[in-house]
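K.L.:
Structure provided below as structure tokens; questions to follow.
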Protein chains: 2
Amino acid sequence: MAARIDDPYGAFCTDTDAYLEGAAEGPLAGLTFAAKDIFDVAGHTTGGGNPDWKASQAPAAKTAPHVQRLVDAGATMAGKTITDEITRGILGENAHYGTPVNPRAPGRVPGGSSSGSASAVAGGLVDFALGSDTGGSVRVPASFCGLYGMRTTHGRLTLDGMLMQARSFDTVGWFARDAEMFAKVAAVMFETDIPNAKPTRMIVADDAFEVADSAVREALEGPMEAVGDLIGDVTTMRLSDVGLDEWRAYQQPLQSREAWETAHEWVDRCNPRFGYDVARRLVEAAEVTDETIATAQAGREAVQARMAELLGPGTVVCLPTAPFPAPEAGQPQSQMWDRRSRIITLTCVAGLLGAPQMSLPLAEVEGVPIGLSLLAAPGEDEMLTGFARDAFA
Amino acid sequence: MAARIDDPYGAFCTDTDAYLEGAAEGPLAGLTFAAKDIFDVAGHTTGGGNPDWKASQAPAAKTAPHVQRLVDAGATMAGKTITDEITRGILGENAHYGTPVNPRAPGRVPGGSSSGSASAVAGGLVDFALGSDTGGSVRVPASFCGLYGMRTTHGRLTLDGMLMQARSFDTVGWFARDAEMFAKVAAVMFETDIPNAKPTRMIVADDAFEVADSAVREALEGPMEAVGDLIGDVTTMRLSDVGLDEWRAYQQPLQSREAWETAHEWVDRCNPRFGYDVARRLVEAAEVTDETIATAQAGREAVQARMAELLGPGTVVCLPTAPFPAPEAGQPQSQMWDRRSRIITLTCVAGLLGAPQMSLPLAEVEGVPIGLSLLAAPGEDEMLTGFARDAFA
């Protein structure tokens with residue numbers, strides 16, 4: 001076992017050390033990374049942010065393909081990072097393992113569920129880090145910690161060797177401090193070159209900006225215009241005729257039902273300990289009715305049809321990644337519950353669509369980072385990555 | 001700090017040692033006892049079976065009056081015992097601290113929430129132990145562990161210095177291995193002599209026996225007849241015209257609502273960790289509607305009116321304490337959830353009435369203890385205690 005890296009931010013799991021020396025040569029040689037503690041590393045028990053999950057698992061027999069690919073490309077894995085419990089959380093507060101520091105805004109949450117990965121990258125402990133995004137778990141910490149971070153197209157990259165949450169929403173993503181590094185990792189993850197790229201059209205999602213705090217809207221205005229100037233063709237419109245709150249009301253029961261399908265057998269058998277907020281979401285998930293699911297599924301299909309109209313090749317939708325900068329850590333649940341819903345109101349668009357969305361760390365509100373997002377049609381991951389690199393590296 | 005007593009049953013809290021030397025003289029001189037970790041002992045933090053509750057509390061400034069009275073009467077307190085989390089549980093399985101052994105039926109649950117107190121007494125580690133009974137938390141472990149145990153009349157004994165659950169249901173109780181010891185403690189708790197006593201009439205609650213497993217009914221038949229022979233006047237009847245399941249449906253929301261009123265501020269502020277089953281009950285408690293409460297409150301009043309008709313002075317109702325002997329420990333939640341409801345179907349009668357109920361360890365099913373209960377009108381605590389002593393000591 002290699003020496004542990006210094007971890008002033010509480011970003012790493014202390015009990016699931018998983019150090020993997022990178023190959024001597026390769027496109028990522030000399031770089032270091034971390035992986036959310038939902039990725040298997042052979043010989044280590046995947047913890048998933050919950051001690052009772054960990055206690056119920058055997059050590060992984062095999063290393064997750066994404067981790068292996070990065071190591072084979074030369075990157076050294078420094079360790080595993082804290083995640084919200086079984087990836088259920090958007091703020092990055094873990095009742096068992098604590099809240100990783102947001103190095104860009106100490107005292108505020110890092111965002112979750114890929115909390116430790118964002119914290120480790122933002123704090124400069126590693127060059128990049130793997131996360132996962134089911135309902136916003138890469139995009140939100142990217143926004144809160146001032147990082148480049150992407151939710152990839154659903155189904156584009158394997159989920160083998162990863163702890164699942166909700167099968168029709170789960171995706172892999174990663175974080176980097178700059179767009180060049182982000183693209184370098186992307187080339188390995190996608191096993192392809194990242195081309196020079198520029199969208200041909202940008203849709204400014206008016207209804208998405210309305211969800212954000214006014215200070216966020218103001219802070220994002222300049223960067224949004226700069227991106228628009230690069231692209232040229234800019235249209236402002238509403239994405240949803242029924243309202244994004246309604247779209248959120250499709251995402252939440254669908255994701256919850258699937259998350260309950262994933263977790264219920266273990267929950268029943270082991271009666272695990274959860275932070276109350278996580279347990280509450282599981283209990284509510286168990287209560288979702290088939291009728292609600294049918295309505296939500298029809299809603300999802302309508303969203304997909306609507307977005308297919310808008311998202312031709314080369315088109316991007318511009319929206320705030322999150323409605324506000326990172327809130328202060330340690331607030332009462334009653335202060336956080338509605339915030340979660342507001343976040344999902346923005347993140348649900350890509351979730352329902354299975355589309356890639358990249359958060360760009362282009363703004364701050366009173367010194368606290370806030371991300372601007374570009375969302376594209378499923379499969380346009382390289383285009384987003386290439387554009388971000390070409391425009392901002 | 002005195003030497004810890006040997007604890008082969010995992011009955012005691014390891015981290016809230018609270019040893020109090022008994023007075024040299026007094027009616028309980030030379031005896032030892034334990035108290036459920038919801039009773040304050042000055043200088044110690046009351047844990048309540050939940051590590052996050054404990055972490056949010058300061059050490060108690062004052063010792064709970066009941067503990068002090070017992071110590072002043074000569075009994076030495078050996079320590080504090082494990083309880084179900086914040087007293088919410090009827091089986092005695094604590095996700096944080098484990099399940100105290102049922103010394104009378106190893107491998108089976110001890111019953112809860114006064115689990116460690118029952119375990120410590122049944123295992124002979126102490127002479128008696130304090131517990132509390134909100135929905136059955138003394139009666140059920142008494143039944144499962146083969147002990148004398150009583151829920152006292154609601155409001156009869158102070159709840160000062162105790163962690164509350166549901167104000168209109170919370171009561172103090174205690175356990176002993178024999179009826180003589182039980183009465184000796186009762187005299188100190190009630191601050192009165194325990195008179196010789198014999199009920200003048202026994203009502204056999206037919207609908208309560210119907211809730212029990214047939215093996216339990218058979219096992220209790222002999223003891224029930226023996227008790228009836230002592231009393232002489234025996235009537236068999238149904239307590240409820242709407243069914244005891246309906247009575248349970250009054251108890252559960254009322255208790256849940258009050259439990260949520262007690263806990264919600266702490267839950268909101270601290271987002272504590274709970275075993276999933278406990279969190280589930282809290283989430284469901286938060287969801288109880290005012291309409292349900294109104295119906296349940298009207299139901300409770302009807303139960304009280306009905307029972308006031310039946311329970312003249314000297315009348316006792318005879319019923320099984322629990323519908324079955326202690327189930328095996330460590331079973332899936334899905335196996336336990338309905339069992340909880342069946343238990344409450346029996347324990348709710350005294351709960352709704354605020355009446356005293358004493359569980360007598362008079363039977364076994366295949367070597368596993370099962371209690372026969374006598375319930376009397378509020379205030380008849382000494383009569384029940386005195387009768388048990390006179391009949392069974």
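The values are calculated or read from the model by the stated rules, or taken from the named source; none is laboratory data. In this text the structure is predicted, and so the values were computed from the model without any measurement. For neighbour counting, all protein chains shown are included, and Cβ atoms are generated from backbone atoms with ideal geometry for every residue, glycine included.
K.L.:
So residue A:83 fits all but one of (1) within 24 Å of residue B:96 (Cα to Cα); (2) surrounded by fewer than 20 Cβ atoms within 10 Å (Cβ to Cβ); (3) without any contact (Cβ under 8 Å) to a residue 60 or more places away in the chain; what number is the exception?
P.N.:
Here residue A:83 meets the rest and fails (2).
K.L.:
Same structure again: Would you pick out the residues in the range B:351-370 that are more than 22 Å from residue B:226 (Cβ to Cβ) and aliphatic (A, V, I, L, M)?
P.N.:
Looking only at the range B:351-370, we keep the residues that are more than 22 Å from residue B:226 (Cβ to Cβ), and these are B:351-355.
Of everything in the range B:351-370, those that are more than 22 Å from residue B:226 (Cβ to Cβ) and aliphatic (A, V, I, L, M) turn out to be B:352, B:353, B:355.
K.L.:
If you check A:263, A:205, which single one turns out to be within 13 Å of chain B (Cβ to nearest Cβ), buried (at least 19 other Cβ atoms within 10 Å of the Cβ) and either within 28 Å of residue A:170 (Cβ to Cβ) or within 22 Å of the chain's Cα centre (by Cα) (or both)? Spell out how you get there, then give the answer.
P.N.:
Details: A:205 fails: within 13 Å of chain B (Cβ to nearest Cβ).
Every option except A:263 fails the conditions.
K.L.:
As an exercise: evaluate residue A:104 against (1) within 14 Å of chain B (Cβ to nearest Cβ); (2) closer than 25 Å to residue A:333 by Cα and give the number of the one condition it does not meet.
P.N.:
Failing condition for residue A:104: (1).
K.L.:
Something else about it: State whether the residues of the range A:227-244 include one that is in the same structural domain as residue A:367 (by TED's automatic domain parsing), over 25 Å from residue A:179 (Cβ atoms) and assigned to a helix (DSSP H, G or I).
P.N.:
yes
K.L.:
While we're on this one: Could you look through the range A:323-358, keep only residues that are out of contact with any strand residue (DSSP E or B) (no Cβ under 7 Å at 6 or more places or on another chain) and aliphatic (A, V, I, L, M), and pick out the one that is farthest from the other protein chains (Cβ to nearest Cβ)?
P.N.:
The initial filter retains those residues of the range A:323-358 that are out of contact with any strand residue (DSSP E or B) (no Cβ under 7 Å at 6 or more places or on another chain), namely A:323-324, A:330-345, A:347-348, A:351-354.
Subset that is aliphatic (A, V, I, L, M): A:336, A:343-344, A:352-353.
Working: A:336: 9, A:343: 17, A:344: 19, A:352: 26, A:353: 31 Å.
Among those that are out of contact with any strand residue (DSSP E or B) (no Cβ under 7 Å at 6 or more places or on another chain) and aliphatic (A, V, I, L, M), it is A:353.
K.L.:
Can you find even one residue in the range B:54-75 that is surrounded by 20 or more Cβ atoms within 10 Å (Cβ to Cβ) and either among the aromatic types (Phe, Trp, Tyr) or without any contact (Cβ under 8 Å) to a residue 12 or more places away in the chain (or both)?
P.N.:
Initially, the range B:54-75 is screened for residues surrounded by 20 or more Cβ atoms within 10 Å (Cβ to Cβ), giving B:63-64, B:66-67, B:70-71, B:73, B:75.
Retained after the next criterion (residues that are either among the aromatic types (Phe, Trp, Tyr) or without any contact (Cβ under 8 Å) to a residue 12 or more places away in the chain (or both)): none.
No, that holds for no residue.
K.L.:
Looking at the range B:292-306, I want the residues that are more than 14 Å from residue B:242 (Cα to Cα) and without any contact (Cβ under 8 Å) to a residue 60 or more places away in the chain and have a partner that is surrounded by 15 or more Cβ atoms within 10 Å (Cβ to Cβ) and among the hydroxyl-bearing types (Ser, Thr, Tyr) with Cβ atoms under 9 Å, at least 6 apart or on another chain. Which pairs are those?
P.N.:
Listed pairs, sorted by first residue: B:297/B:250.
K.L.:
Taking residue A:279, is it of a type in the set (A, V, I, L, M) and within 14 Å of another protein chain (Cβ to nearest Cβ)? First the steps, then the outcome.
P.N.:
Values: of a type in the set (A, V, I, L, M): yes; within 14 Å of another protein chain (Cβ to nearest Cβ): yes.
Yes, satisfied.
K.L.:
Determine if the range A:99-112 includes at least one residue that is over 30 Å from residue A:247 (Cα atoms), buried (at least 24 other Cβ atoms within 10 Å of the Cβ) and not hydrophobic (A, V, I, L, M, F, W, C).
P.N.:
yes
K.L.:
Among the residues of the range A:101-133, what is the count of those that are closer than 20 Å to residue A:159 by Cα and of a type in the set (A, V, I, L, M)?
P.N.:
Total meeting the criteria: 3.
K.L.:
Also, quick follow-up: Does residue A:108 fit the bill of being charged (D, E, K, R) and under 14 Å from the mean Cα position of the chain (by Cα)? Walk me through it before giving the result.
P.N.:
Values: charged (D, E, K, R): yes; under 14 Å from the mean Cα position of the chain (by Cα): no.
Spelling it out, it is not the case that residue A:108 is charged (D, E, K, R) and under 14 Å from the mean Cα position of the chain (by Cα).
K.L.:
Could you grab me the full set of residues in the range A:160-175 that are among the β-branched types (Val, Ile, Thr) and either closer than 16 Å to residue A:352 by Cβ or outside any strand (DSSP E or B) (or both)? Give the derivation first.
P.N.:
We begin by selecting, within the range A:160-175, every residue among the β-branched types (Val, Ile, Thr); these are A:171-172.
Of everything in the range A:160-175, just one residue is among the β-branched types (Val, Ile, Thr) and either closer than 16 Å to residue A:352 by Cβ or outside any strand (DSSP E or B) (or both), namely A:171.
K.L.:
Further question on the same structure: Only one of these is basic (Lys, Arg) and part of a loop (DSSP other than H, G, I, E, B): A:69, A:104. Name it. Spell out the reasoning first.
P.N.:
Values: A:69 fails: part of a loop (DSSP other than H, G, I, E, B).
Residue meeting the stated conditions: A:104.
K.L.:
Can you find, within the range A:136-159, the residue that is nearest to residue A:255 (Cα to Cα) among those that are of a type in the set (Ser, Thr, Tyr) and not in a helix (DSSP H, G or I)? Steps first, please.
P.N.:
Taking the range A:136-159 as the starting set, the residues that turn out to be of a type in the set (Ser, Thr, Tyr) are A:137, A:143, A:148, A:152-153, A:158.
Retained after the next criterion (residues that are not in a helix (DSSP H, G or I)): A:137, A:148, A:152-153, A:158.
Details: A:137: 13, A:148: 25, A:152: 17, A:153: 16, A:158: 19 Å.
Step by step, filter the range A:136-159, then rank; the result is A:137.
K.L.:
If you don't mind, another one. Touching a Gly at 6+ places or on another chain (Cβ under 7 Å), among the acidic types (Asp, Glu) and more than 14 Å from residue B:125 (Cβ to Cβ) - does that describe any residue in the range B:38-54?
P.N.:
yes
K.L.:
Same structure, new question: Against the condition touching a Phe, Trp or Tyr at 6+ places or on another chain (Cβ under 7 Å), closer than 30 Å to residue A:191 by Cα and small (Gly, Ala, Ser), how does residue A:75 come out, does it pass? Break it down into steps so the answer makes sense when it comes.
P.N.:
Numbers: touching a Phe, Trp or Tyr at 6+ places or on another chain (Cβ under 7 Å): yes; closer than 30 Å to residue A:191 by Cα: yes; small (Gly, Ala, Ser): yes.
Against the criterion (touching a Phe, Trp or Tyr at 6+ places or on another chain (Cβ under 7 Å), closer than 30 Å to residue A:191 by Cα and small (Gly, Ala, Ser)), residue A:75 qualifies.
K.L.:
When only residues in the range A:193-207 that are outside any helix (DSSP H, G or I) and out of contact with any strand residue (DSSP E or B) (no Cβ under 8 Å at 6 or more places or on another chain) count, which is nearest to residue A:234 (Cα to Cα)? Give the derivation first.
P.N.:
Taking the range A:193-207 and keeping what is outside any helix (DSSP H, G or I), we get A:193-205.
Going one step further and asking which of them are out of contact with any strand residue (DSSP E or B) (no Cβ under 8 Å at 6 or more places or on another chain), we end up with A:193-198.
Working: A:193: 28, A:194: 24, A:195: 23, A:196: 20, A:197: 17, A:198: 13 Å.
Top of the filtered list is A:198.
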